[in-house]
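Working notes for the structure below.
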Amino acid sequence: MEPSTATCSEPTASLSVERVAVANLPTEWGEFKIAGYRSLVSDEEFVVLFKG
């Protein structure tokens with residue numbers, strides 16, 4: 001059997017949300033960040049709380 005080659009293309013990523021705000025959020029458990037995102041395809045908004 002002869003070796004074969006295949007061509008793969010990377011999938012193209014399209015953005016569906018945009019970050020609209022970010023802030024530090026100090027708590028008794030440590031420093032967090034909070035970010036607000038808005039959907040580019042619907043009327044939804046999201047909040048993300050993260051540490052690190």
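Since every read-out is calculated from the coordinates, none of them should be taken as a lab result. Values in this document were obtained by computation on a predicted structure and should not be read as measured data.
For F32, the residues whose amide H sits under 5 Å from its own are L25, T27, ignoring neighbours fewer than 5 places away on the same chain, with H placed 1.01 Å from N. Near the amide H of V17, within less than 5 Å, lie the amide hydrogens of L40, all on another chain or at least 5 residues away, with H placed in the peptide plane.
Amide H contacts under 5 Å for V22: G36, restricted to partners 5 or more places along the chain or on a different chain, H placed in the peptide plane at 1.01 Å from N.
A simple rule links phi to the HN-Hα coupling: the Karplus curve 6.51 cos²θ - 1.76 cosθ + 1.60 with θ = phi - 60°, which for the range 41-50 gives 10, 8, 8, 7, 10, 9, 10, 10, 10, 9 Hz, with x for Gly and Pro.
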